Amino acid sequence: MRADEPSGIPLWLEHVLEPVKPPVSTLVGASIGRSGADSTSATARRSCLVLAPHPDDETFGCGVTIMRKVDAGTPVQVAVVTDGSTYPPHKSAADNIATRDAELRAACKLLGLDDESVIHLSFPETQLHLAGEALVDAVSDLVKSSSPDDVLVTSEADPHRDHAALGEATRRALAGTSVRVCLYPIWQWERPRSWLRTLQGSSRPERVSTAGYLDRKRKAVGAYSSQFSLAAGGELTEKIGLTPGFIRRFMGSYEVFFPVPQ
């Protein structure tokens, strides 16, 4: 991976911030985010458990939020739920698992987390919708062991099946508890209607400012090069890899969350 001077940020990753005409889904998401309440200061003081369906979701959706909490001395735990075995599709499951776990550790280190703060549950990737009570129990056990103020998780309205399954399992695991659940968008940025479904199950959005943290977030995102298209600095084809346009959606002036009413 080529790097510029002197920051060490890959040249291709600099291009994701270049001005382009955004698609409808991005415009909808940006409008929703701007309507949210600024929770930057309050969020930094609340401990959290970040539940990520796959290695990279924690960084895309919550990277700056994690960094702000860590810098404030607030406890953060990240749990990646699936094993990452199926992607990239041209490599073996064993190679993918090893690569993506290494990428996860590297990214989380850049976010300020030590290895003890990162858990990999290793449910089969693409199969979370079949996990049933095992996934609900796993989420419940994680919450009991970490006792967070907040749980950050993907939404049941996320278009990706693994993401939706984790959101549903988390809702079931925490029903009747006092733990605050906040949803973070990932594939909603690709599907305008999924924003509306996310809003229907949540209260007023909250936003966390990325000011002063975007360079660190870009470096952490760059750790996941196995997932990127050729145009984004990876080795995959344009049809299957994450593109500069997708990455750009997570490099805005804030991260957005959707609190779930208890």
Q.
Please verify whether L242 is of a type outside the set (D, E), surrounded by 18 or more Cβ atoms within 10 Å (Cβ to Cβ) and either within 17 Å of V139 (Cα to Cα) or in contact with an Asp or Glu (Cβ under 6 Å, 6 or more places away or on another chain) (or both), treating the condition exactly as stated.
A. no
Looking across region 173-226 at residues that are acidic (D, E) and part of a helix (DSSP H, G or I), the single one that is farthest from M67 (Cα to Cα) is E190
Of the residues in region 209-218, those that are buried (at least 21 other Cβ atoms within 10 Å of the Cβ) and over 14 Å from the mean Cα position of the chain (by Cα) come to T210
(Q) Take L13 and tell me if it is modelled with pLDDT of 90 or more and within 25 Å of C108 (Cα to Cα). (A) no
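So how many residues does region 228-239 have that are outside any strand (DSSP E or B) and surrounded by 22 or more Cβ atoms within 10 Å (Cβ to Cβ)?
Residues of region 228-239 outside any strand (DSSP E or B): 230-235, 237-239.
From what is left, the residues that are surrounded by 22 or more Cβ atoms within 10 Å (Cβ to Cβ) are 232.
Number of matching residues: 1.
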Cβ pairs under 8 Å, 6+ apart or interchain, first in region 193-212 and closer than 15 Å to L152 by Cβ, second among the hydroxyl-bearing types (S, T, Y) and not in a loop (DSSP other than H, G, I, E, B), ordered by first then second residue, are E206/T43; R207/T40; R207/Y254; V208/T40; V208/T43; V208/T65; V208/Y254
Going through (1) more than 15 Å from F257 (Cβ to Cβ); (2) modelled with pLDDT of 95 or more one by one, R191 fails only at (2)
Within region 141-163, of all residues that are of a type in the set (G, A, S) and crowded, with 21+ Cβ neighbours inside 10 Å, the one modelled with the highest pLDDT is S155
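The values are calculated or read from the model by the stated rules, or taken from the named source; none is laboratory data. Model, not experiment: these values are computed from the prediction. Please note: Cβ atoms are built from the backbone with ideal geometry, for glycine as well, and neighbour counts cover all protein chains shown.
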